[in-house]
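Nothing in this text is a laboratory measurement; each read-out follows from the coordinates by a stated rule. All values derive from a computational prediction rather than experimental measurement. So basically every Cβ, Gly included, is an ideal-geometry build from the backbone, and we count neighbours across all protein chains shown.
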Amino acid sequence: MRINPDHPHRVDNGYTGIAISLHWLIALAIVGSFSLGLYMHELPLSPQKLKLYSWHKWAGVTIFLFVALRLGWRLFHRPPELPATMPDWQRKVAAATHVLLYVLMFAVPLSGWLMSSAKGFQTVWFGVLPLPDFLNKSETLGDTLQQVHMLLNFSMAALVLAHVGAALKHYFIDRDDILRRMIPLLGKRQTSGVVK
Amino acid sequence: MTKWAKRLVPGCALAFLLPAAQAVEFNQVQIPKSSLAFVSKQMNVPVEGQFKSFRSKIAFDPAKPAAAKAELEIDMASIDAGSKDANDEVATKAWFNTQAFPTARFVASSVKALGGNRYEVAGKMSIKGTTRDLATPVTVRLDGGSAIIDGSLVIKRADYAIGDGMWADFSVVANEIQIKFHLVATASPAAAK
Ligand code: HEM
């Protein structure tokens, strides 16, 4: 167990169970809604399409809330230290990627919700809770926001691919604990420390 | 008759020339000031729409509401159902079959005064080749030289086979469609009695 000298009460070598659960829950939801978004967009108009659009919006609002929860948790729980073997530039790139991913995890659902308002369709969460419309209906604004929503999504997809690639590189090439500490099932490489 | 009116009787020629409030027939519908809107619910999300082109004939004398007449003819192709996709969709056979049934009509057969400025208008509504009895509450507000007629009612789209086939699933597009009409009618000077 490595003790953080600034916070001696904190176990400093692992993500908390909450952080890990939220990471994977959100990752799964994002991959699912992203794929759903691409798929539903191509469908001809049908009741099924309207259903899928609603589900996509409900999922987006839900993800937004979980991301808010996750960020709240993150503010009070520092992630574990990176391995000492990691060069400085990689630390910086990793930190920047994570910040950008957080920004996009908020920006993507936000842009979707604003787009929906601009297109004249209110978002009613799970068909029960109506979200306010901050934008009035406007075709041009709706089309612009659709572009924005797509651009943000593809940026996020590119970052996620890089992020996954990095995780796999840490696992297979660097053979450090980066992926293992996000997937406790993989077990620990070193026997030091206790996963909290 | 009030004392005031009695005094006026000798000058009845004048009374015939000036349309008194009780004897005006409102019969010129001002289409640009009128509107015909509706709200449908998709996955429980209210979606507003309207018909941009319609004609209406009304003859309404507040003193003789039971004698009132009203007709409405709607150009189905003028629909704005909320989006371009929706406009194309509702013109198809499953919805309004606009090509075969370009207009919808309402013809009032009775007008009942409900007290105050409220009335009940009953008549026949024809959409997509189906004619059904329809009754709607209506309020009439007199404002200057116009009668402002407002009403709101709910129709069931299945009654007129609007959106059948795969769209018959009310859990996606609800059966109930709320209609809101706003008609402004003025009195034509020639018709004033
Ligand atoms: C299925 C593919 C994914 C894998 C294999 C994966 C893997 C990982 C790993 C190993 C970490 C820990 C990094 C460390 O210990 O410093 C991590 C952190 C993180 N992941 Fe993922 N991830 C995936 C998908 C996603 C997705 C879809 C998102 C969001 C768009 C995401 C956002 C993040 C963020 C923001 C962090 C930093 C957490 C923090 O320290 O606050 N990940 N990921």
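In a simple Cβ point-charge model (Lys, Arg +1; Asp, Glu -1; nothing else charged), segment B:23-191 has a dipole of about 360 debye relative to its Cα centre. Dipole of segment A:17-186 computed with +1 at Lys/Arg Cβ and -1 at Asp/Glu Cβ about the Cα centre; of A:LEU131, A:MET182, A:ALA29, farthest Cα towards the positive end is A:MET182.
Note on A:LEU129, B:LEU183: ascending count of other Cβ atoms within 10 Å places them as A:LEU129, B:LEU183, the fewest first.
Computed packing ranks the peptides A:21-27, B:159-165 as B:159-165, A:21-27, most packed first, by mean other Cβ atoms within 10 Å. Ranked by how many other Cβ atoms sit within 10 Å of their own Cβ, fewest first, the residues A:LEU145, B:LEU153, B:LEU142, A:LEU75 fall in the order A:LEU75, B:LEU142, B:LEU153, A:LEU145. Partner lysines whose Cα lies under 16 Å from the Cα of B:LYS124, excluding those fewer than 8 positions away in the same chain, are identified as B:LYS57, B:LYS69, B:LYS112, B:LYS156. Note on A:50-58: average number of Cβ atoms from other chains within 10 Å of each residue's Cβ is 3. Pop out the Kirkwood hydrodynamic radius of segment A:17-186 from its pairwise C-alpha distances, inverse of mean 1/r, in Å to one decimal. Across segment A:17-186, the inverse of the average 1/r is 17.6 Å. Applied to segment B:101-114, the Karplus parametrisation 6.51 cos²θ - 1.76 cosθ + 1.60 on θ = phi - 60° returns per-residue 3J(HN,Hα) values of 10, x, 10, 10, 9, 10, 10, 6, 10, 8, 10, 10, 7, 9 Hz, with x for Gly and Pro.
With a 10 Å cut-off around each Cβ of A:116-123, the average count of Cβ atoms from other chains is 3. What you get for segment A:77-145, charging only the Cβ of Lys and Arg (+1) and of Asp and Glu (-1), is a dipole of about 140 debye around the Cα centre. Each peptide in A:109-120, A:53-64, A:130-141 receives the mean, over its residues, of other Cβ atoms within 10 Å, and ordering these scores from highest gives A:109-120, A:53-64, A:130-141.
Each residue of segment A:123-135 was assigned a 3J(HN,Hα) from its phi angle through the Karplus curve 6.51 cos²θ - 1.76 cosθ + 1.60 (θ = phi - 60°); the sequence is 9, 10, 4, 6, x, 10, 9, x, 8, x, 9, 8, 10 Hz, with glycine and proline shown as x. Across the options A:LEU82, A:VAL93, A:ALA157, the greatest Cα extent toward the positive end of the charge dipole of segment A:17-186 (unit charges at beta carbon of Lys, Arg, Asp, Glu) belongs to A:LEU82.
Distance from the Cα centroid of segment A:109-147 to that of segment B:135-193 is 28 Å (rounded to whole angstrom).
Quick one: net charge around B:GLU71, please, counting Lys, Arg +1 and Asp, Glu -1 for every other residue with C-beta under 9 Å from its C-beta. With Lys, Arg at +1 and Asp, Glu at -1, the neighbours total +3.
Pairs of lysine residues in chain A that meet both criteria, 8 or more places apart or on different chains and Cα atoms under 24 Å apart, total 11. Highest mean packing comes first when the peptides B:115-122, B:103-110 are listed by Cβ atoms within 10 Å, giving B:103-110, B:115-122. Here the Karplus relation 6.51 cos²θ - 1.76 cosθ + 1.60, evaluated at θ = phi - 60°, turns the backbone of segment B:66-71 into coupling constants of 5, 8, 5, 10, 8, 9 Hz, with x for every Gly and Pro. Inter-chain Cβ neighbour count for B:40-47, averaged per residue, equals 6 (cutoff 10 Å, partner chain atoms only). Which of B:MET166, B:SER56, A:ALA118 sits closest to the plus end of the dipole of the protein assembly as shown, meaning its Cα is farthest towards the positive end, when Lys and Arg get +1 and Asp and Glu get -1 on the C-beta? Projecting each Cα onto the dipole axis, the largest value belongs to B:SER56. Percent of C-alpha pairs per 10 Å bin in chain B, short distances first: 9, 32, 29, 17, 8, 4, 1, 0.
Under a model in which nothing but the beta-carbon of Lys, Arg (+1) and Asp, Glu (-1) is charged, the protein assembly as shown shows a dipole of about 700 debye around its Cα centre.
Just so you know, the averaged projected area of the alpha carbon convex hull for the protein assembly as shown sits at 28.8 nm². With K and R counted +1 and D and E -1, the other residues having a Cβ less than 14 Å from that of B:VAL107 yield a net charge of +3.
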